[in-house]
Amino acid sequence: MQVTETLNEGLKREIKVVVPAADMESRLMERINDSKDKVRLKGFRPGKVPTAHLKRMYGKSFMAEIVNEIVTHSTRNVIAERDEKAAMQPEVVMTEDQDEAEKILAGEQDFAFELKYEIVPQFELQDVSDITIERPVVEVADEEIEDQVKQIAQSARSYETRDGAAEDGDRVTLDYLGKVDGEPFDGGKAEGANLVLGSGNFIPGFEEQLIGLKKDDEKTITVTFPEEYGAEHLAGKEATFDVTIHEVAAPQDQELDDELAKKLGLESMDKLREIVRDQVQGQYGQMTRQKVKRSLLDALDERYQFETPEKLTEAEFNNIWNQVTADLERNGKSFEDEETTEEEARADYQKLAARRVRLGLVLSAVGEKAGITVTDEELQKALGEQLRRYPGQEQQVMEFYRNTPDAVNALRAPIFEEKVIDHLMEEVSVNDKTVSKDELMADDEEEFGSSTATGGDDA
């Protein structure tokens with residue numbers, strides 16, 4: 001096998017591989033001889049089928065198998081022997097000339113093909129011990145916990161039927177039928193539905209028009225679906241609802257005592273407050289984690305500046321761009337509404353894509369050097385979370401992941417990345433800073449995370 005480099009430009013590589021026809025013929029004859037005792041043909045005793053007859057019958061199919069094996073093995077071996085790491089699966093270019101292909105399969109012509117790929121850039125990992133990260137921390141006030149508990153109590157309180165007109169805070173039981181342009185629409189009908197007036201659970205303007213209605217009252221109300229409504233066929237449209245009230249019920253006082261906790265399946269109010277505090281602290285902890293991770297990635301981005309593989313960056317940009325344009329379309333907005341142009345947005349997101357790829361490669365290298373891996377238990381846990389998202393379709397989801405290696409890698413990548421972040425956080429300096437809830441919850445102007453290229457051994 002002859003291997004010749006035909007392009008070495010930046011990160012781009014092109015390699016020409018030629019397997020002489022004599023070698024192809026030798027491989028074919030070895031395959032034919034191995035098959036003699038296995039092939040069963042009518043009119044021939046086992047092991048007695050002439051070689052020429054086997055070649056005539058199976059030569060092309062055997063040679064096709066040999067071609068695939070050569071491409072698979074040589075692609076991996078050639079890159080390994082060059083001590084390179086391909087950024088993505090190499091592109092294999094073979095002849096498209098039918099006559100040439102037939103000659104190759106017949107063993108009459110050398111088998112030549114090209115490998116086109118980009119390599120992962122080489123860079124030296126830097127010491128991060130001099131990096132200082134500020135960790136924003138919110139001290140959870142007792143008042144906030146008490147407010148949360150009161151909300152839970154409000155949602156758990158009971159209602160008692162009463163006469164008279166419905167007021168804000170009352171619960172009404174009703175039937176309704178929604179129509180757009182006089183025609184009923186899917187999901188716009190219910191019987192015996194319960195609705196707490198003022199809860200904001202229905203379309204804006206719906207609940208307010210029920211105030212003042214009594215049992216057995218009927219009314220047609222008119223509302224307009226929000227422009228950003230989830231169902232596109234209803235978004236922004238005016239609708240009418242024919243409503244019948246069956247019951248008006250007033251909320252009853254709910255004491256913050258152990259009886260409330262027992263109603264919720266807990267032994268005491270102290271336990272309820274403990275659970276609420278853990279949940280609130282967990283929410284703040286997630287936001288703190290995001291802020292800290294962002295700061296760490298920013299610091300790494302300042303230290304590492306190298307060329308990223310074009311194809312890998314293009315793939316990352318396409319993922320970002322598809323999400324951006326889909327969000328704009330779903331919300332009925334344009335780039336002008338976001339005070340930019342498509343050209344400017346493309347340039348910004350191309351920079352974001354390059355950053356994500358670069359940081360992904362850095363985190364992958366850090367993880368590889370530190371020996372960080374994703375365990376089977378961690379992968380199974382992530383798979384379990386996916387299964388819970390699709391109740392009743394567990395078997396199909398399992399089959400999908402079993403037959404789709406890229407999907408498994410997509411599960412592994414974020415686990416690997418978070419473990420690398422944990423590793424780096426142990427090496428940098430972290431200073432806690434107490435901040436307000438509003439400061440912590442304030443969104444960053446742009447999400448500049450790393451890419452899913454941080455898939456450990458798969459990166």
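Data table
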| quantity | calculated |
| --- | --- |
| Translational diffusion coefficient (Stokes-Einstein; Kirkwood radius from C-alpha pairs) of segment 180-233 at 20 °C, 1.002 mPa s, in µm²/s | 165 µm²/s |
| Surface accessible to a 1.4 Å probe, per residue, for the residues of the chain, Å² | 60 Å² |
| Probe 1.4 Å, all protein chains present, accessible-area order of M88, M398, largest first | M88, M398 |
| Over segment 46-188, relative contact order from alpha-carbon pairs under 8 Å, at least 6 apart, % | 17 percent |
| Heavy atoms of L105 accessible to a 1.4 Å probe, total area in Å² rounded to 10 | 50 Å² |
| Value of relative contact order over the chain, rounded to a whole percent, pairs C-alpha under 8 Å and six or more apart | 16 percent |
| Under the Karplus curve 6.51 cos²θ - 1.76 cosθ + 1.60, θ = phi - 60°, whole-Hz ³J(HN,Hα) for segment 55-69, x wherever Gly or Pro sits | 5, 5, 7, 10, x, 5, 5, 5, 5, 4, 5, 5, 4, 4, 5 |
| Rounded to the nearest 10 Å², the accessible area of H423 at probe 1.4 Å | 50 Å² |
| Accessible heavy-atom area order of K369, K189, K16, highest first, probe of 1.4 Å | K369, K189, K16 |
| Given charges at beta-carbon only (K, R positive; D, E negative), |dipole| of the chain in Debye | 3200 debye |
| Label selected from [x] 32.7, 100; [y] 31.1, 112; [z] 21.0, 63, the criterion being Rg and Dmax of the Cα atoms in Å as computed here | [x] |
| Residues D278 and N431, FRET efficiency given R0 of 25 Å [Cβ-Cβ distance, rounded to 0.05] | 0.50 |
| The chain - mean residue ellipticity at 222 nm from DSSP helices (-39,500 (n - 2.57) per run, n ≥ 4, rounded to 500) | -15500 deg cm²/dmol |
| Distance from segment 171-225 to segment 45-105 (C-alpha centre basis), Å | 68 Å |
| Hydrodynamic radius by Kirkwood, which averages 1/r over all alpha carbon pairs of segment 90-157, in angstrom | 20.2 Å |
| 3J(HN,Hα) from dihedral phi, segment 338-351, Karplus parametrisation 6.51/-1.76/1.60, rounded to Hz, x for glycine, proline | 8, 6, 8, 10, 4, 4, 5, 5, 4, 4, 5, 6, 5, 5 |
| Candidates per GluC sites (Glu not before Pro) in segment 167-239, loop by DSSP, up to 10 other Cβ within 10 Å | E232 |
| Carbon/sulfur fraction of accessible area - the chain, other protein chains in place, 1.4 Å, % | 44 percent |
| Accessible surface, 1.4 Å probe, highest first, among residues R13, R389, R294, R289 | R389, R289, R294, R13 |
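The values are calculated or read from the model by the stated rules, or taken from the named source; none is laboratory data. Keep in mind it's a predicted model, so treat the numbers as computed, not measured. Every residue, glycine among them, receives a Cβ derived from its backbone with ideal geometry; neighbour counts consider all protein chains shown. These accessible areas exclude ligands, DNA and RNA; they are computed on the full protein's heavy atoms, side chains included. Shrake-Rupley method; radii C 1.70, N 1.55, O 1.52, S 1.80 Å.
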